[in-house]
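A.B. asks: Sharing a structure, written as structure tokens. Questions coming.
The values are calculated or read from the model by the stated rules, or taken from the named source; none is laboratory data. It should be emphasised that the depicted structure is a prediction, and the values quoted were computed from it without experimental measurement. Neighbour counts are summed over all protein chains in view; Cβ atoms, including those assigned to glycine, are modelled from backbone coordinates with ideal geometry. These area figures cover heavy atoms from the full protein model, side chains too; ligands, DNA and RNA do not enter into them. Shrake-Rupley method; radii C 1.70, N 1.55, O 1.52, S 1.80 Å.
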Amino acid sequence: MLPFKLVYHPKYDLNLGPHVFPSQKFRLIHHMLLQEEAAVASDFVEPAEATDEDLLRAHTEEWIQKLRAGNLTASEIMKLEVPYSPELATAVWLAAGGSILAGQLALRDGFGCNLGGGFHHAYANHGEGFCAINDVAVAIRRLQADRAIQKAMVVDADVHQGNGTAHIFHDDDSVFTISIHQLNNYPAYKPPSDVDLNLADHVEDDEYLETLLPVVKDSLDAFRPDIVFYVGGADPFCEDQLGGLWLSKNGLKERDKRVFEEVRRRGIPVATTLAGGYARNVEDTVRIHMNTIIAAKEVAEGKQLSKEATH
Ligand SMILES: [Zn+2]
């Protein structure tokens, strides 16, 4: 049994059929975690859909109503880059509920892991790049409304810049956003995060970690958030179809683990979300996302702390 909960719902599947976004990955991650006995059935909890009140703290009423009714314009669907279906709407409502629940569980257990979400390209008033609802923004605003937290930090390690998150929180001093991403990649316009780490093409494990970790440490010490939302991202992987960084699977697990160590060492809770992953073989994407959970487990159990974390 894991020392924290995994938030998952069978309806996380975005119902995309053949599409570069492997929407079956959510189901496969759940299946493989059980099959490899990395988790047991009682480790999983099902979220409820986020309420309209929750969504409206991060999104406009017009956008929520369009998504609910399914009357997006052709240009809105083009920007979203996924076909609209009622299943897609259910999936993103659940993903937002899932990130709220992961945040609540993280405050209780130290970690809370949403096996979905990380839809960081969603803006307040429109969707982009496979992201309709910005689940992390919804979750942070809900925890703040409940007075469970005051300040949150977002560490976004997806290969693509977290434009929607950066835009939503641009004028919000209670949320500190860090995005590490490939500069020469989608989105073309990158609204500023509090810290943007713009990487050149083909950056590998060591340079990536040497860029990210000092900024995470310094930002944690300076900002002192009440919770960190981690947008994992499997797409900095060297065999990703939509990414141009050259991280290995081990490097990505090291990334997760080192970030978790820094956050947990300061006693700060971490809620994790999946975000993107478009490896040529979907098994690689699934493995990288599973490794995020295993990294959290190792850090939660205080095992195999890397050398730097021991002094
Ligand atoms: Zn991405």
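A.B. asks: For the list (1) farther than 26 Å from TRP246 by Cβ; (2) charged (D, E, K, R); (3) in contact (Cβ under 8 Å) with a residue 12 or more places away in the chain; (4) assigned to a loop (DSSP other than H, G, I, E, B), I need the number of the one condition that ARG141 fails.
C.D. replies: (4)
A.B. asks: What are the residue pairs meeting all of these: first residue in the range 212-237, first residue free of Cβ contacts under 8 Å to residues at least 12 places away in the same chain and open to solvent by 10 Å² or more (accessible area, probe 1.4 Å), second residue more than 16 Å from the ligand (Cβ to nearest atom) and not in a loop (DSSP other than H, G, I, E, B), Cβ atoms under 9 Å, and 6 or more apart or on different chains?
C.D. replies: Listed by first residue and then by second, the contacts come to ALA222/PHE176.
A.B. asks: Restricting attention to the range 75-90, which residues are free of Cβ contacts under 8 Å to residues at least 40 places away in the same chain and farther than 23 Å from LEU242 by Cβ?
C.D. replies: Step one: filter the range 75-90 for residues free of Cβ contacts under 8 Å to residues at least 40 places away in the same chain, giving 75, 77-78, 84, 86.
Listed by number, the list holds a single entry, PRO86.
A.B. asks: When the residues of the range 77-112 are filtered to those that are at pLDDT 95 or above and of a type in the set (D, E, K, R), which remaining residue is least open to solvent (accessible area, probe 1.4 Å)?
C.D. replies: ASP109
A.B. asks: Could you please find all residues in the range 144-159 being under 18 Å from SER193 (Cα atoms), open to solvent by less than 30 Å² (accessible area, probe 1.4 Å) and in a loop (DSSP other than H, G, I, E, B)?
C.D. replies: Applying the first criterion (under 18 Å from SER193 (Cα atoms)) to the range 144-159 yields 151-159.
Going one step further and asking which of them are open to solvent by less than 30 Å² (accessible area, probe 1.4 Å), we end up with 152-159.
Answer for the range 144-159, where residues must be under 18 Å from SER193 (Cα atoms), open to solvent by less than 30 Å² (accessible area, probe 1.4 Å) and in a loop (DSSP other than H, G, I, E, B): ALA157, ASP158, VAL159.
A.B. asks: Right, next: Could you tell me whether ARG142 is more than 16 Å from the ligand (Cβ to nearest atom) and either acidic (Asp, Glu) or in contact with a Lys or Arg (Cβ under 6 Å, 6 or more places away or on another chain) (or both)?
C.D. replies: Details: more than 16 Å from the ligand (Cβ to nearest atom): yes; either acidic (Asp, Glu) or in contact with a Lys or Arg (Cβ under 6 Å, 6 or more places away or on another chain) (or both): no.
When the stated conditions are applied, ARG142 does not pass them.
A.B. asks: With the condition kept exactly as written, say whether any residue in the range 128-138 is away from the ligand (no atom under 16 Å from the Cβ), among the β-branched types (Val, Ile, Thr), crowded, with 22+ Cβ neighbours inside 10 Å and part of a helix (DSSP H, G or I).
C.D. replies: Looking through the range 128-138, at least one residue is away from the ligand (no atom under 16 Å from the Cβ), among the β-branched types (Val, Ile, Thr), crowded, with 22+ Cβ neighbours inside 10 Å and part of a helix (DSSP H, G or I).
A.B. asks: Quick one: which residue in GLY276, GLY267 is within 15 Å of the ligand (Cβ to nearest atom), small (Gly, Ala, Ser) and not in a helix (DSSP H, G or I)?
C.D. replies: On the way: GLY267 fails: within 15 Å of the ligand (Cβ to nearest atom).
Answer to the check: GLY276.
A.B. asks: Residue by residue through the range 158-167, note down the ones that are more than 10 Å from the ligand (Cβ to nearest atom) and either in contact with a strand residue (DSSP E or B) (Cβ under 6 Å, 6 or more places away or on another chain) or at pLDDT below 95 (or both).
C.D. replies: Within the range 158-167, the subset more than 10 Å from the ligand (Cβ to nearest atom) is 163-167.
Within the range 158-167, THR165, ALA166 meet the criteria.
A.B. asks: From (1) assigned to a helix (DSSP H, G or I); (2) out of contact with any strand residue (DSSP E or B) (no Cβ under 7 Å at 6 or more places or on another chain); (3) over 27 Å from ASP226 (Cα atoms), pick out the condition that doesn't hold for LYS79.
C.D. replies: With respect to (1) assigned to a helix (DSSP H, G or I); (2) out of contact with any strand residue (DSSP E or B) (no Cβ under 7 Å at 6 or more places or on another chain); (3) over 27 Å from ASP226 (Cα atoms), LYS79 is out only on (2).
A.B. asks: Further question: Does any residue of the range 190-207 turn out to be buried (at least 17 other Cβ atoms within 10 Å of the Cβ) and within 14 Å of the ligand (Cβ to nearest atom)?
C.D. replies: yes
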